[in-house]
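What follows is a single structure, written as C-alpha cells, with notes after it.
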Amino acid sequence: MGLDRTGTFHCKLLEWGVDGKESKILGKVLPWFNVRVFLTEVYDAKEGQWFDYSEWNAEITAYLCLCGAIKKKGGEIGPTLSMEQVKKVFNWDGRSLAQLAKGKYDDLEFQVRIGENTYEEATYPYQVNWIDVYDAEPGQQLRKLDANELKDLDKQFAAIFAKSATPKAPVKAAKAPAKVHPARVPADDVAPPTSEEKQRKLAEKSAKNRAAAKKSTSPPPKPPSKDAVVPPPKTAKEACTMGEAWQAIVELHDPTIDDDTIAEVWHSNIAEICGPDATSENITEEQWYQVQQKTLESVAKF
C-alpha cells in the first residue's frame, strides 16, 4: 500500500550510508547521510496516541545534509541542524564520517516527520523534514537549548546583552487600593508595629526633612524692583479626585518608606477626615485633597 499521509512516525532503520553531493550554488561537494526506514507507527495528534502503521508496508528515505552555507556567518560552510539531529539520534560525536557510516544501527528506532515534497521536479509526493529520538515529543516543535548550552551562550554574549539591557524601573509605591479600608492581616507569630508607632516614626522623619530644608544654603530670590509688575499669587487647587491624590503621593513619596506603611497612613487619614464609614463614592474632591495633603505631610520626601 505504501505511505499515504504526512505526519510524525516511528520507524526502524533498514539501510544507511554517507554520500557526497556537489552543490551547484556553492561549487563544493557536501556530505550527506541517507537513511532508508520502515514506518511502524503513526501519531494521531487529535487522539494524542500512536497507532500501528506497519500493515501499510511503507518505506521512505531521509536525505540529511550534514554541512551547508551558514547565512549568519556570511556563507561560511558549517554544520546544519540535520547534522545535530544525526548526532543525537545515532549517538555520533560528529568527528568522522567513516565512523558514522560504519556504525551499528540494526536495532535503532527513532522518529521521522514527513511533509509534502514541494520540489517542482519531484517524482515522490513526500519527504522527510526532520528526524528525532524515539521518545521525543511528537509533532512540530522548536529546537531549545539545554541548561549548559544556555549558560555558554550567556557567557559568550554577556557584554553585548549588558549594553542593550533595559534599565531597571525605579521602585514605585503600590497603586491605590480598590477598597478604601482593606483588612490588615499580620504576619505569622510576628507582631506588626502599631499605627501609633508608625505615625511617630513618620513624624520624626518629616521633622528631619523639614529641618534639612530650612538649613538649605541656597540664596534667597532677589526682591522685585519697585517698578516691576507683580502678578497676583495663583490660587492653589484645593480639590482633586482620588486618582489625582494618589498619583501625587506616588510621585512625591520618600522611597525609603515601604508601600504598606504608605497605604496605612492613607487609610488612617481617610478615616480621620472623611469618617470611619466613608467610601470612595461619597468622599468629595475637597476631602480627597485634604487626604492627599495630610498623607504627604508624613510620607513626602522634602
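The values are calculated or read from the model by the stated rules, or taken from the named source; none is laboratory data. What you see is a predicted model, and the numbers here were worked out from it, not measured in a lab. Using ideal geometry, Cβ is built from the backbone for each residue, glycine included, and neighbour counts are taken over all protein chains shown.
Brief remarks follow.
- Filter result for residue 13 (part of a loop (DSSP other than H, G, I, E, B) and hydrophobic (A, V, I, L, M, F, W, C)): no
- Residue 77 modelled with pLDDT of 90 or more and either in a strand (DSSP E or B) or within 15 Å of residue 12 (Cα to Cα) (or both): no
- If you check 42, 86, 29 for being assigned to a helix (DSSP H, G or I) and β-branched (Val, Ile, Thr), only one passes: 86.
- Looking only at region 45-60, residues that are part of a strand (DSSP E or B) and over 13 Å from residue 2 (Cβ atoms) come to 4 in all.
- Number of residues in region 7-33 that are loosely packed, with under 15 Cβ neighbours inside 10 Å and polar (S, T, N, Q) equals 1.
- Residues located in region 1-46, provided they are without any contact (Cβ under 8 Å) to a residue 12 or more places away in the chain and closer than 19 Å to residue 134 by Cβ: 44
- Residues located in region 34-52, provided they are over 16 Å from residue 137 (Cβ atoms) and surrounded by 14 or more Cβ atoms within 10 Å (Cβ to Cβ): 34, 35, 36, 37, 38, 39, 40
- Failed item in (1) surrounded by fewer than 17 Cβ atoms within 10 Å (Cβ to Cβ); (2) at pLDDT 80 or above, with residue 227 passing the rest: (2)
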